[in-house]
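Below: the structure, in structure tokens.
Where a number appears in this text, it was derived from the coordinates with a stated rule and is not lab data. All of these numbers come straight from a predicted model, not from anything done at the bench. Positions of Cβ are backbone-derived with ideal geometry, glycine not excepted, and every protein chain shown enters the neighbour counts.
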Amino acid sequence: MDELVGPRLYSCYKCRNHVCLHDDIISKAFQGRHGRAFLISLAMNIAVGPKEDRNLMTGLNTVADISCADCSEVLGWKYERA
């Protein structure tokens, strides 16, 4: 069997569009409203929604939803101000 060469990628769960590299993951120790969440340093092929204040487990934060650029599926959120 041939070994895969190249960076490990994480993809949109709906359309498989590449969203981030494994090396861009800072932490996997987060919990979102729908389950496990990752903190990443850089994302690709995404669209950023409008900023809004949201009450998260860490308190009131300004965030923006992150969606897949191809299929528009909401993938999570981005901290704008914590």
Most fluctuating residue given options L56, L39, L21, as computed from a GNM of the chain linking Cα atoms under 10 Å: L56
Unit charges on C-beta of K, R, D, E only; dipole of region 9-81, Debye: 200 debye
Filtered trypsin sites (Lys or Arg not before Pro), the chain: DSSP coil and at most 13 other beta carbons within 10 Å: R8, K14, R16, R33
Farthest toward positive dipole pole in the chain [+1 Lys/Arg, -1 Asp/Glu at C-beta], among G6, N61, I46: N61
Mean separation of Cα contacts under 8 Å (6+ apart) over length of the chain, as relative contact order %: 21 percent
Potential lengthening between Y13 and I26 on full extension [0.36 nm per residue; Cα-Cα distance subtracted]: 2.7 nm
Antiparallel %, DSSP beta bridges [both residues in the chain], to 5: 100 percent
